[in-house]
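Encoded as structure tokens, the structure appears first; notes follow it.
The values are calculated or read from the model by the stated rules, or taken from the named source; none is laboratory data. In this text, all values refer to a predicted model and were calculated from it rather than measured experimentally. Virtual Cβ from ideal backbone geometry, glycine too; neighbours counted across all protein chains shown. The protein model used for the area step is the full one, side chains on, heavy atoms only, and it has no ligands, DNA or RNA in it. Shrake-Rupley method; radii C 1.70, N 1.55, O 1.52, S 1.80 Å.
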Amino acid sequence: MPVSPESALSLQQFLDANAEALKALVQPASGALADGPALALAWARTMQQAPERLAALQREFYTEQLALWRRALDAPPATAEPDAKLPFFALLEDQHRLMTRWTEQLPAALDIEPQARRRVAFALRQWAEASAPANFLATNPKAIRAALESGGATLQRGLENLRADLERGRISMSDGGAFEVGRNLAVTPGAVVHETPIMQLIQYTPLTEKVGARPLLIVPPFINKYYILDLRPENSFVRFALEQGQQVFMVSWRNIPSELGGATWEDYLEQGFFAALDATLDIAETQDANVLGFCVGGTLSACAAAVEAARGGKRIAHLTLLATLLDFSDPGEIAVFVDEASVAQRERDFADGGVMPGSQLASAFASLRARDLIWFFVEHNYLFGETPRAFDLLHWNSDSANLPGRLYAWYLRNMYLENRLKDPGALTLLGEPIHLDRIAIPAYVLAAKDDHIVPWNSAFRTLSFLSGECRFVLTESGHVAGVINSAKFDRRGWWDNTASSTEPEEWFDSALHHRGSWWHDWGAWIDDRCGRRVRAPVGLGNDRHPVIEPAPGRYVKEVPATATQHQNDSSNRT
């Protein structure tokens with residue numbers, strides 16, 4: 001099919017813009033590690049001390065490479081069938097698969113420390129995923145065909161998508177116009193009834209005539225927005241809890257502006273968790289509350305429970321921890337971003353305050369699943385000119401939140417790098433030494449089997465730190481999709497095991513699998529622990545905590561004018 005001048009112009013524009021633009025969008029994630037020198041040093045050391053390992057790997061590679069070329073030379077001529085693949089493109093794909101397999105095998109053959117091996121393996125995987133033929137127009141036959149058949153329209157749309165993403169500073173994962181907070185996300189009726197400089201407290205309107213006297217306080221992660229737990233109504237955990245007769249309160253963390261960049265972990269405990277707990281108990285007119293924490297919100301909630309226990313308080317009756325780390329000895333692949341040098345740099349960057357841009361954290365998390373969260377969208381958005389489908393989870397995933405720089409640096413040092421939370425008395429918060437084993441309240445601990453942020457076997461170790469009765473449940477899927485598994489759809493199942501076990505693999509081997517959402521199981525668990533049933537309140541807030549504004553509140557919609565670091569703005573370390 002002949003290419004029109006307009007198509008040729010679109011192609012040239014696309015190729016000219018593609019290289020630099022993609023670098024700007026993708027490099028913060030896939031180029032987060034520069035382990036070339038480490039790889040070269042490990043290679044040289046292995047060649048000196050155990051050359052036979054590399055020789056065997058190389059022999060296997062060249063043998064398969066030779067076979068690949070022979071197959072290519074012997075391949076029959078391409079047919080005219082629409083789906084027929086030209087030998088050139090087939091060879092490229094086969095070559096990339098071979099190189100990918102080699103990069104997967106190489107780290108195990110190198111004479112290198114375990115942490116360095118993990119970093120090298122991660123960097124090699126980033127390279128392999130970034131170099132896939134499907135990512136580039138010249139080596140993606142389907143994209144070339146689509147461009148020819150559309151007279152260049154796919155490339156024109158792709159270029160427009162690329163320009164729009166450059167303006168917003170991120171790759172679009174969901175149809176940007178499909179969702180809006182307060183319109184079709186975070187629409188469960190409620191009101192902001194208390195606020196501090198770093199959070200708003202939302203009280204939701206009950207959906208049942210009677211409710212549990214003991215309220216439920218939800219503490220979401222502050223790395224993203226709270227509405228992961230209140231997406232579309234059919235996918236809303238908040239709505240589900242309300243339908244079960246719970247009195248639900250939600251912390252909405254602020255998207256931190258530069259003037260609050262000096263806030264600390266203790267500030268988030270005092271002005272965040274405990275301020276929310278005080279207001280919740282006052283409004284519900286009760287002595288204690290159930291607390292649910294998700295991800296880093298769960299870590300913060302556990303710290304608060306330890307502070308409460310140290311003070312002899314009993315205001316937290318039961319604790320739910322969703323995809324939460326308390327022991328950071330194996331935090332999964334996030335560990336590749338954390339070492340002494342990078343943490344010390346962050347401490348210098350934020351010594352006097354400053355903001356950690358949420359976009360940098362989002363890029364780092366995306367790189368952990370680069371094929372799904374980066375390159376899939378590069379191919380479809382830019383090469384095919386497609387608009388991503390409307391997906392509430394991915395819309396939320398792209399709606400990042402800025403963090404106080406001092407809190408971020410402290411969190412990296414004390415949790416990920418030095419793993420001090422699990423050691424009795426190693427941390428002192430709000431004047432109290434932290435002992436997780438003094439948290440003697442019943443707990444519901446949920447992990448996700450394919451979680452790449454909180455490995456489930458690490459979350460399982462929570463059971464060895466808390467001294468109260470614990471119920472451990474393992475859900476299918478990953479960090480977000482495993483947790484947001486609507487009871488209305490019951491797409492994914494879960495496991496439990498009533499037999500006591502200290503090892504995660506042993507627990508799993510004898511665990512019982514259940515079909516449907518884990519929400520049903522948690523609903524039954526929390527129903528037995530929400531106290532007597534009382535008439536639902538007719539209004540929200542009270543005289544001491546009057547309604548400030550309707551939910552979802554302004555904090556979740558705030559976008560700071562400047563989302564930059566205090567000092568080293570050019571650094572892409574995490």
Residues Val556, Val547: which one is open to solvent by less than 30 Å² (accessible area, probe 1.4 Å), β-branched (Val, Ile, Thr) and either within 27 Å of Val193 (Cα to Cα) or not in a helix (DSSP H, G or I) (or both)?
Val556
Subset tally (residues that are in contact with a Ser or Thr (Cβ under 8 Å, 6 or more places away or on another chain) and exposed (fewer than 15 other Cβ atoms within 10 Å of the Cβ)) for segment 491-508:
3
Answer yes or no: is there a residue in segment 471-484 that is open to solvent by 40 Å² or more (accessible area, probe 1.4 Å) and either more than 30 Å from Glu234 (Cβ to Cβ) or modelled with pLDDT of 95 or more (or both).
yes
Condition met for His380 (of a type outside the set (Gly, Ala, Ser), surrounded by 20 or more Cβ atoms within 10 Å (Cβ to Cβ), over 26 Å from Ser342 (Cβ atoms) and out of contact with any helix residue (DSSP H, G or I) (no Cβ under 6 Å at 6 or more places or on another chain))
no
The residue that is nearest to Glu270 (Cα to Cα), considering only those in segment 386-407 that are part of a helix (DSSP H, G or I) and in contact with a Lys or Arg (Cβ under 7 Å, 6 or more places away or on another chain), is Trp396
Test set (1) closer than 23 Å to Gly212 by Cβ; (2) assigned to a helix (DSSP H, G or I) - Leu446 fails condition number
(2)
Which residue pairs have Cβ atoms closer than 9 Å, lie 6 or more positions apart in sequence or on different chains, and pair a first residue in segment 286-315 that is at positive phi with a second residue that is part of a strand (DSSP E or B)?
Cys295/Asn224; Cys295/Leu322
For segment 110-182, give me every one of the helices (runs of 4 or more DSSP H) that falls completely inside it and has 1 or more residues that are without any contact (Cβ under 8 Å) to a residue 24 or more places away in the chain, farther than 28 Å from Ser400 by Cα and open to solvent by 50 Å² or more (accessible area, probe 1.4 Å).
114-130, 141-149
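This table checks each residue for (1) open to solvent by 10 Å² or more (accessible area, probe 1.4 Å); (2) of a type outside the set (Phe, Trp, Tyr).
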| site | (1), (2) |
| --- | --- |
| Glu209 | yes, yes |
| Gly212 | no, yes |
| Leu216 | no, yes |
| Phe240 | yes, no |
| Gln247 | yes, yes |
What number goes with the only condition from (1) crowded, with 18+ Cβ neighbours inside 10 Å; (2) in a loop (DSSP other than H, G, I, E, B) that Met415 does not pass?
(2)
Could you run through segment 311-324 and say how many residues are outside any strand (DSSP E or B) and surrounded by 20 or more Cβ atoms within 10 Å (Cβ to Cβ)?
2
Restricting segment 517-538 to residues that are of a type in the set (A, V, I, L, M, F, W, C) and within 21 Å of Gly493 (Cβ to Cβ), the residue that is surrounded by the fewest Cβ atoms within 10 Å (Cβ to Cβ)
Ala524
I'd like the full set of residues that are more than 28 Å from Trp522 (Cβ to Cβ) and either open to solvent by less than 40 Å² (accessible area, probe 1.4 Å) or part of a loop (DSSP other than H, G, I, E, B) (or both), limited to segment 425-443.
Gly425, Ala426, Leu427, Leu430, Gly431
Going through Val534, Val538 one at a time, which residue ends up being at pLDDT below 95 and closer than 21 Å to Thr208 by Cβ?
Val538
What do you reckon, is Ala563 out of contact with any Lys or Arg (no Cβ under 7 Å at 6 or more places or on another chain), closer than 29 Å to Ile441 by Cα, at pLDDT below 95 and part of a loop (DSSP other than H, G, I, E, B)?
no
Qualifying positions in segment 330-349 - open to solvent by 10 Å² or more (accessible area, probe 1.4 Å), β-branched (Val, Ile, Thr) and in a helix (DSSP H, G or I):
Ile334
Just checking, which of Asp327, Asp352 is surrounded by fewer than 22 Cβ atoms within 10 Å (Cβ to Cβ), assigned to a loop (DSSP other than H, G, I, E, B) and at pLDDT below 95?
Asp352
For Arg157, state whether it is within 31 Å of the chain's Cα centre (by Cα) and among the charged types (D, E, K, R).
yes
